[in-house]
Each structure stands twice: as C-alpha cells, then as structure tokens.
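Take a look at the structure below.
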Amino acid sequence: MKIRMKTDVSGSRNGEPWPGRGSTLEVPDAEGADLCKAGIAEPVAKKDAEAVEKATPPDDTEQRQADDDQQPQKGPVTTDSAPAVAKTTARKAAAKKTTASAPAKD
C-alpha cells in the first residue's frame, strides 16, 4: 500500500528515519491501514502515486516572539490593595477599643 505522510513522525522505521510530511512511502497493507486510521497518513491512489504535492501544509508549531509587554517588569511591585489594608487595620483598631480587656465589674 502506498501512503502519503500527513504529519512528521519522530524516530525511525526499520532503522531509517520516517519520511517527512507530504512524502510517500510503500508499506504493508495492514501497517498502512493502521497509519491512515491514526490520522498520520493517507492512502495514495495509483494514479496519484507519482504526483508531487506542491502545496505545503501549514506549520502548526507555536511561534513566540519577544514582546516588551510580556517581559517581566523590574523595580518595585505596586498594588492597588493599599486601601483594603488601611480598612482592615482600622477595623482591628476599632475592635480593640470596643473589646474590654478585663471582665466588667457589677
């Protein structure tokens, strides 16, 4: 069975590297059926066996570019939690004032 590789496969097959994406390969029928079922390859019709694929599939690897917005900022870290801290401190101070430290005397 002649198949065309739909993806790049790492490793080797029978001691040889797998052919690249878009390349054709002759394999036993059972192996070709398994590769096609897994989505790794597709069967090649006899009339298309000699045709060369002209279009290249898109490269689906993730590309990252350096971006100033994504770089960690250097310097002191500022937060907007200062008002919340002040409120919490004020509540604690108010609680101390209203709580008696000694039992009330009758």
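Bear in mind these aren't lab numbers, they're just calculated from the coordinates by the rules spelled out. In this text, all values refer to a predicted model and were calculated from it rather than measured experimentally. Positions of Cβ are generated from backbone atoms using ideal geometry, with glycine treated the same way; all protein chains shown enter the neighbour counts.
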Exercise for review: Per residue of segment 17-23, in order, report the coupling 6.51 cos²θ - 1.76 cosθ + 1.60 (Karplus, θ = phi - 60°) as ³J(HN,Hα) in whole Hz, putting x for Gly and Pro.
Suggested key: x, 5, x, x, 4, x, 7
Point to revise | Residues with amide H under 5 Å from that of TRP18, placed H, sequence gap 5 or more | key: ARG13
Check your understanding: Near the amide H of ALA41, under 5 Å away, which other amide H atoms are found, from residues 5 or more places off or on another chain, if H is placed in the peptide plane?
Key -> LYS6, CYS36
Study note, to complete from the structure: Karplus ³J(HN,Hα) for segment 29-39 (6.51 cos²θ - 1.76 cosθ + 1.60, θ = phi - 60°; Hz, whole; x = Gly/Pro) runs 4, 5, 5, x, 5, 5, 5, 5, 5, 7, x
Exercise for review: Can you tell me how much longer the chain between SER10 and SER23 gets when fully stretched, taken as 0.36 nm per residue apart minus their C-alpha distance, in nm with one decimal?
Suggested key: 3.2 nm
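Ranked from highest to lowest mean number of other Cβ atoms within 10 Å per residue, what is the order of the peptides 7-18, 25-36? Present the calculation step by step, with values, prior to reporting the outcome.
Details: 7-18: 10.2, 25-36: 13.9.
Averaged packing, sorted descending, gives the order 25-36, 7-18.
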Review point. Under a point spin-label approximation (7 Å from Cα along Cα-to-Cβ), what is the ASP34-LYS92 distance to one decimal in nm?
Key: 6.6 nm
